[in-house]
Amino acid sequence: MARPNPIRRIMELPLPSITDQRRKNFRPADCDIDYAYQILNRYVFDNQLTKPLIVQGTVRKAWGYCQWHLKQQESGSWCHIRLMDKWYCPQWFMNTLVHEMVHQYQWDIYRWDHLELYGRNMPTDSKGHGPSFHQWRDQCEYYGLNLKTFHRSKKWFKYQDFTKC
């Protein structure tokens, strides 16, 4: 059995009612995002990531994205993360944030390893959802997170289970 930790405590919280979820009542403050980033970085990524600029707001056709840059940003990262400001529940938020942090890992760390190993830039054909993305699946599952390329809202409201949506 996995030992208790802050990520698992969040992921095991009781879900709000479906009515409340549809209203997207979970709206994290900047301090909540900082805390979530900090614990995900510590437990999932072993503190390898440097916190990039994280911006909340309206995101079209996505829950969030990691925008890659060709030059290093002031934060020390090579990207920034943009997230929705309204969520169904804290668990949906945590799954989305870890998804974007995996993309950050790909850009900030993996691409340099790939360049050293293969002498060329990381392939971008898969839009970042290739083997270097899915290698984090087991690590995320250990903490109760579900790393997928996307989750379907309709199935979420039917099953209330990240493995089925």
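Per-structure values
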quantity: Breaking point among (1) in contact with a Pro (Cβ under 6 Å, 6 or more places away or on another chain); (2) assigned to a helix (DSSP H, G or I), for ARG42; calculated: (1)
quantity: So TYR110, is it among the aromatic types (Phe, Trp, Tyr) and in contact with a Ser or Thr (Cβ under 7 Å, 6 or more places away or on another chain); calculated: yes
quantity: Qualifying residue in segment 27-40 (condition: exposed (fewer than 14 other Cβ atoms within 10 Å of the Cβ) and of a type in the set (Ser, Thr, Tyr)); calculated: no
quantity: Residues being assigned to a helix (DSSP H, G or I), polar (S, T, N, Q) and surrounded by 12 or more Cβ atoms within 10 Å (Cβ to Cβ) - total across segment 9-26; calculated: 1
quantity: Every residue from segment 94-127 that is touching a Cys at 6+ places or on another chain (Cβ under 8 Å) and at pLDDT below 90; calculated: TRP107, ASP108
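The values are calculated or read from the model by the stated rules, or taken from the named source; none is laboratory data. Please read all numbers here as calculations on a predicted model, not as lab measurements. Cβ atoms come from the backbone with ideal geometry, glycine included; neighbour counts cover every protein chain shown.
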